[in-house]
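Heads up, the thing below is written out as structure tokens.
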Amino acid sequence: MEIGAYSFGDTQRNPDGSLRSTTEAIANLFEAIKHADAQGLDYFGVGEYHTATMPASSPGAMIAAAAAATGQITLGSAASIIGTDDPVRIFQQFSIADAISGGGRVEITAGRGSSVETFPLFGHSLEEYDELYAEKLDLLMTINNATSENVTWSGTVRSALDNLAVVPRPASGKLPIWLATGGNASSSARAGQLGLPVSYGIIGGAPHRFAPLTELYRRSGAAAGHAPESLKVSVGALGFVAPTKKEALERFYPGWHNLNVEMGQLRGWPAPDKRAYLAQADAPGAYYVGSPDEVAERIAHLHGHLGHMRHFLQMDLGGIPQELLLESITLLATEVKPRVARLLAQK
Amino acid sequence: MDIGAQAHTASRGTIGILGAGRVGTAIARLAVAAGYRVKIATSKPAAENALIIEIVTPGAEAVDAAEASGSDLVVVAVPLHKYKSVNADALAGRVVVDAMNYWSVTDGDIADFEADDRSSSEVVAAHLSASRVVKSFNHIGYHEMEPDSAAPGAADRRALAIASNDAAATEQVAAFIDALGFDAVDAGNLASGRAFEPGTDVFNGRFNADELSVKLHTSLVAA
Ligand SMILES: NC(=O)c1ccc[n+]([C@@H]2O[C@H](COP(=O)([O-])OP(=O)(O)OC[C@H]3O[C@@H](n4cnc5c(N)ncnc54)[C@H](OP(=O)(O)O)[C@@H]3O)[C@@H](O)[C@H]2O)c1
């Protein structure tokens, strides 16, 4: 089982609660990825997000820099919002990063995005939400599956490519392309039909309830003739690791609270409720917050339901102090990962 | 049909569900568990959904939208910006539960719902003009539906609000809600549906029937 992290960037806060610079947030993210690599974490995902509190707006740029500064870790977007971006550009950025990584360490995860801010930002109409996503995914796959530099494609949401060069090609011929989903059944079926690995973003509820979706994914894939080994599942969730559960809960809460206050102002939610936080942080909730033993046990337990091959955590939210993030990454890589491996070997 | 009659009878009637997304499939599972015959459809032909339904909502039948629309009670849970793709003629005369929300921060602005200050269900009802529209199920997260459902009389049972201009339809949907595991609280006519739209206390919380009545009342008085 691969163990990893993901981040949308996390802008630090001053003691009075005001936001510090987004520049610092990007520098912190870069440091966190290098640290994760050095500690032996398997995967780091950079999620496209466009707010002052979460400014990792361009995963491709971040991953290219990280590819040069790391040695073993797999780097990917988590996710790239492809409906409002240009798949030609995404592919080029990630295959350049792949070349810089030495080849084979860079992946793309294609997603829809959980909010709609990229539509006005990049000048797209929400009316075309589904078409944009479906066609741009098709274009991205067409480029990736091309057997030469030259690509031919046509659709309705973007100009056609008539035997045009899209370069460079990835070192190993293709980039892994994952499909991100938040739990819509038809997305799981579609990922299976396309034979793409699927990444579940589980941000609330009980993660083991995703088991029917993974079954749907695998059966849809098998029905479409895809080999079982190409049908991979990963899970991204919120979490935090500290020496004890008490410390983990205390360290993660202020950031969780800040994030929910911000989302609440935007979406008209009430003040966040600590009881909801605590409930999600206990089995079978969605937050993997605890000591290495507890987090490892919960990941291994979920593996019994979903059979996923990668579990990765978003640990930096709402201005979590950088040193606590780095410690959580260390514990995830050096304490949680071997425990998960042991637990799964016992099964 | 005796929708919402005594628990665990096989003759509860047929529920049609338009939308096999997060909400549609959660309601379908609850309805199957409550003993209804459940027909679920998307905009795609039934055959394309067969595997999804078999695995995600075992016991429900994947059908075409026209067939689901002919059920005793029909739940509409499609993305709101597609509400006009729901065939109004097929739903003429039916009791239709509108589980949809207008929530521009997550779904973007939709002109039809920005035009005036009608509740979103009034706009939907203008499209489904020959149907008996009831607003409900919109203010509970799809992932809360199954864990929060409880037997009638359970302590602190979660309650769902209902709004409709049709008293008989309200009664029918209240019985359906009860069978699925929630108390039902009548908020009044469709216009009152705004008391549990996104941004309200009701939308944001989890309440039992007494609490919900108070919240709805406060919200309607303030409006
Ligand atoms: N998510 C929640 O927790 C929650 C809770 C309460 C209420 N709501 C509201 O419920 C509605 C549905 O949300 P969701 O999260 O379930 O959406 P979703 O997961 O995106 O699912 C929407 C479903 O509707 C289908 N559909 C689209 N057009 C259709 C048509 N004309 N006839 C029949 N089916 C059609 C889609 O399939 P095809 O595109 O393949 O046809 C899909 O199965 C939204 O208005 C939402 O605001 C959501």
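Taking residues in region A:67-88 that are surrounded by fewer than 20 Cβ atoms within 10 Å (Cβ to Cβ), and partners anywhere that are modelled with pLDDT of 95 or more and of a type in the set (Asp, Glu), the pairs with Cβ atoms closer than 9 Å and at least 6 places apart or on different chains are A:69/A:37; A:71/A:37; A:72/A:37; A:72/A:42. Restricting attention to region B:38-47, which residues are open to solvent by 30 Å² or more (accessible area, probe 1.4 Å) and within 8 Å of the ligand (Cβ to nearest atom)? B:42, B:43, B:44, listed by residue number.
Just wondering, is there one or more residues in region B:167-178 that are at pLDDT 95 or above, within 22 Å of residue B:125 (Cβ to Cβ), of a type in the set (Ser, Thr, Tyr) and over 14 Å from the mean Cα position of the chain (by Cα)? Spell out how you get there, then give the answer.
Quick first cut of region B:167-178, residues at pLDDT 95 or above only: B:167-178.
With the extra rule that they be within 22 Å of residue B:125 (Cβ to Cβ), the set shrinks to B:167-177.
With the extra rule that they be of a type in the set (Ser, Thr, Tyr), the set shrinks to B:170.
From what's left, over 14 Å from the mean Cα position of the chain (by Cα): none.
Looking through region B:167-178, none of the residues is at pLDDT 95 or above, within 22 Å of residue B:125 (Cβ to Cβ), of a type in the set (Ser, Thr, Tyr) and over 14 Å from the mean Cα position of the chain (by Cα).
The single condition among (1) at pLDDT 95 or above; (2) more than 30 Å from residue A:164 (Cα to Cα) that residue A:60 does not satisfy is (2). None of A:202, A:177 is within 14 Å of chain B (Cβ to nearest Cβ), touching a strand residue (DSSP E or B) at 6+ places or on another chain (Cβ under 6 Å) and of a type in the set (Val, Ile, Thr) except A:202.
Among the residues of region A:135-149, is there at least one that is farther than 22 Å from residue A:189 by Cβ, in contact with a strand residue (DSSP E or B) (Cβ under 8 Å, 6 or more places away or on another chain) and not hydroxyl-bearing (Ser, Thr, Tyr)? Full working, then the answer.
First, pick out the residues of region A:135-149 that are farther than 22 Å from residue A:189 by Cβ: A:143, A:146-149.
When the remaining residues are screened for being in contact with a strand residue (DSSP E or B) (Cβ under 8 Å, 6 or more places away or on another chain), the result is A:143, A:149.
Going one step further and asking which of them are not hydroxyl-bearing (Ser, Thr, Tyr), we end up with A:143, A:149.
Within region A:135-149 (the criterion being farther than 22 Å from residue A:189 by Cβ, in contact with a strand residue (DSSP E or B) (Cβ under 8 Å, 6 or more places away or on another chain) and not hydroxyl-bearing (Ser, Thr, Tyr)), the answer is yes, since at least one residue qualifies.
Residues that are under 30 Å from residue B:196 (Cα atoms), open to solvent by less than 10 Å² (accessible area, probe 1.4 Å) and part of a loop (DSSP other than H, G, I, E, B) do not occur anywhere in region A:289-309. Exactly one condition in (1) more than 14 Å from chain B (Cβ to nearest Cβ); (2) open to solvent by 70 Å² or more (accessible area, probe 1.4 Å); (3) outside any helix (DSSP H, G or I) is false for residue A:234; which is it? The number of the failed condition is (2). For region A:262-288, the set of residues classified as free of Cβ contacts under 8 Å to residues at least 24 places away in the same chain and in a helix (DSSP H, G or I) consists of A:263, A:264, A:265, A:266, A:267, A:274, A:275, A:276, A:279, listed by residue number. Residue selection: residue A:47 fails the criterion of being in contact with a Pro (Cβ under 9 Å, 6 or more places away or on another chain) and more than 19 Å from residue A:12 (Cα to Cα).
Residue count for region B:158-185 under the criterion of being open to solvent by 10 Å² or more (accessible area, probe 1.4 Å) and either of a type in the set (Val, Ile, Thr) or more than 25 Å from residue B:86 (Cβ to Cβ) (or both): the result is 5. Of the residues making up region A:113-134, none is within 15 Å of residue A:177 (Cα to Cα), buried (at least 22 other Cβ atoms within 10 Å of the Cβ) and not acidic (Asp, Glu).
Of the residues making up region B:23-37, those that are open to solvent by 20 Å² or more (accessible area, probe 1.4 Å) and assigned to a helix (DSSP H, G or I) are B:23, B:29, B:32, B:33. Within region B:182-204, restricting attention to residues that are within 18 Å of residue B:142 (Cα to Cα) and in contact with an Asp or Glu (Cβ under 8 Å, 6 or more places away or on another chain), the residue that is nearest to the other protein chains (Cβ to nearest Cβ) is B:203. Taking region B:194-204 as the range and being over 14 Å from residue B:222 (Cα atoms) and part of a helix (DSSP H, G or I) as the test, the residues that pass are B:203, B:204. Determine whether region A:177-185 contains at least one residue that is away from the ligand (no atom under 16 Å from the Cβ) and either of a type in the set (D, E, K, R) or on the phi < 0 side of the Ramachandran plot (or both). Checked against the condition, which is being away from the ligand (no atom under 16 Å from the Cβ) and either of a type in the set (D, E, K, R) or on the phi < 0 side of the Ramachandran plot (or both), region A:177-185 yields at least one hit.
For region A:136-225, the strands (runs of 3 or more DSSP E) that sit wholly inside it and include 2 or more residues that are not hydrophobic (A, V, I, L, M, F, W, C) are A:150-153, A:161-165, A:198-202. I need a count of the residues in region A:149-180 that are without any contact (Cβ under 8 Å) to a residue 24 or more places away in the chain and either open to solvent by 50 Å² or more (accessible area, probe 1.4 Å) or closer than 30 Å to residue B:111 by Cα (or both). Qualifying residue count, region A:149-180: 11.
Listed by position, the helices (runs of 4 or more DSSP H) inside region B:48-116 whose residues that are modelled with pLDDT of 95 or more and either near the ligand (Cβ under 8 Å from one of its atoms) or surrounded by fewer than 17 Cβ atoms within 10 Å (Cβ to Cβ) (or both) number at least 1 are B:65-69. Across region B:165-177, a minimum of one residue is classified as part of a loop (DSSP other than H, G, I, E, B), polar (S, T, N, Q) and over 28 Å from residue A:280 (Cα atoms).
Working carefully through the options B:150, B:126, B:154, find the one that is open to solvent by 10 Å² or more (accessible area, probe 1.4 Å), more than 14 Å from chain A (Cβ to nearest Cβ) and touching a residue at least 24 places away in the same chain (Cβ under 8 Å). Steps first, please.
Numbers: B:126 fails: touching a residue at least 24 places away in the same chain (Cβ under 8 Å); B:154 fails: touching a residue at least 24 places away in the same chain (Cβ under 8 Å).
Exactly one of B:150, B:126, B:154 is open to solvent by 10 Å² or more (accessible area, probe 1.4 Å), more than 14 Å from chain A (Cβ to nearest Cβ) and touching a residue at least 24 places away in the same chain (Cβ under 8 Å), namely B:150.
Among the residues making up region B:49-84, those that are among the charged types (D, E, K, R) and either touching a strand residue (DSSP E or B) at 6+ places or on another chain (Cβ under 8 Å) or within 10 Å of residue B:18 (Cα to Cα) (or both) are B:54, B:61, B:64, B:67, B:72.
The values are calculated or read from the model by the stated rules, or taken from the named source; none is laboratory data. Note that the structure is predicted; figures quoted are calculated from it, not measured. Methodologically, a virtual Cβ is constructed for each residue, glycine included, from the backbone with ideal geometry; neighbour enumeration extends over all protein chains shown. What goes into the accessible areas is simple: the full protein's heavy atoms, side chains included, and nothing from ligands, DNA or RNA. Shrake-Rupley method; radii C 1.70, N 1.55, O 1.52, S 1.80 Å.
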